[in-house]
Amino acid sequence: MRLRVLGIGGSPRRQGNTELLLDQVLGAAASKGAITEKVILSRMKVGPCDACYGCLETGRCVLQDDYQLLYPKLMKAERIVLAAPVCFLGLSAQAKVFIDRCQCFWVRKYVIQDALPRTDSGVKRQGFLISTAGGAETSFRCAIRTTKAFLGVLDADYGGDLTFPGVDEKGAILNHPTALEEAVALGKTLAVSRAD
């Protein structure tokens, strides 16, 4: 069975550190047979949740923008990798706006009490965070908690993270002694289905 791995690039900077890592993860997953897809949030028009609660009837967001393209991808993917830098001790604005739009999943799960279907393959969803920050290791605390909450509404297990402090300038991750190898190792594991 070929698992679907959805990579979500949440940096405002193209080909920056987190996207370089995401590319390594997706390339390694594809080399092991996974079906991979990368979406770049900064190239999409995804507005913030406006708390209209139009999702109360169906559990689907009623705002018409590119989020509508992302909703089915989240439902189909067995593996979800969010790659976003830390900005002011939280996820980038692009990543956070996208996550906030997943309020419709929260409404579906907890208000409507309509359980999310499993993936087409029946394999349970699992998610991961890839992040870099100019600051110290403690910079990732909020990003990790937010990612866990996001994955929770998708009924996805938190599989772990790759976080790299002290990485700020574009391309600086290429000088890290282990980052690219760690990303490749993660990618290879994403193509493998473990028993649920």
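Taking H placed 1.01 Å from N in the peptide plane, check which residues at least 5 places from Gly7 or on another chain put their amide H under 5 Å from its amide H.
Glu37, Lys38, Val39, Val81
Pop a pseudo-label 7 angstrom from the Cα along the beta-carbon direction at both Gln113 and Asp155 and give the gap in nm to one decimal.
Output for this residue pair reads 1.6 nm.
Among all cysteines in the chain, which have no other cysteine Cβ under 4.7 Å from their own Cβ?
Those would be Cys49, Cys52, Cys87, Cys102, Cys142, since no other cysteine Cβ in the chain comes under 4.7 Å of theirs.
Which aspartates and glutamates have a Cα less than 16 Å from the Cα of Lys124, not counting those fewer than 8 places away in the same chain?
Glu78, Asp155, Asp157, Asp196
Please give the helix 179-190 orientation as an angle from the longest Cα principal axis of the chain, in degrees from 0 to 90, rounded to the nearest 10.
With rounding to tens, the tilt is 40 degrees.
For the chain, take every pair of Cα atoms, bin their distances at 5 Å starting from 0, and report each bin as a whole percent.
The distribution over the chain is 1, 8, 17, 20, 21, 16, 10, 5, 1, 0, 0, given as percents.
Considering Cα pairs under 8 angstrom that are at least six residues apart, work out the relative contact order of the chain and quote it in whole percent. Could you put the intermediate results ahead of the total?
Working: 389 pairs, mean separation 59.7, N = 196.
After rounding, I find 30 percent.
Please give the Cα centre distance for segment 99-155 versus segment 168-189, rounded to the nearest Å.
23 Å
I'd like to compare 59-67, 100-108, 173-181: which one has the highest average count of other Cβ atoms within 10 Å, and what's the full order after that?
Packing order, densest peptide first, comes out as 100-108, 59-67, 173-181.
Between helix 67-76 and the chain, what is the angle of the helix's C-alpha long axis to the longest principal axis, kept within 0 to 90° and rounded to the nearest 10?
For helix 67-76, the angle is close to 80 degrees.
Each value in this text was obtained by applying a stated rule to the coordinates, not by laboratory testing. Quick caveat: nothing in here was measured; it's all calculated off a predicted structure. For neighbour counting, all protein chains shown are included, and Cβ atoms are generated from backbone atoms with ideal geometry for every residue, glycine included.
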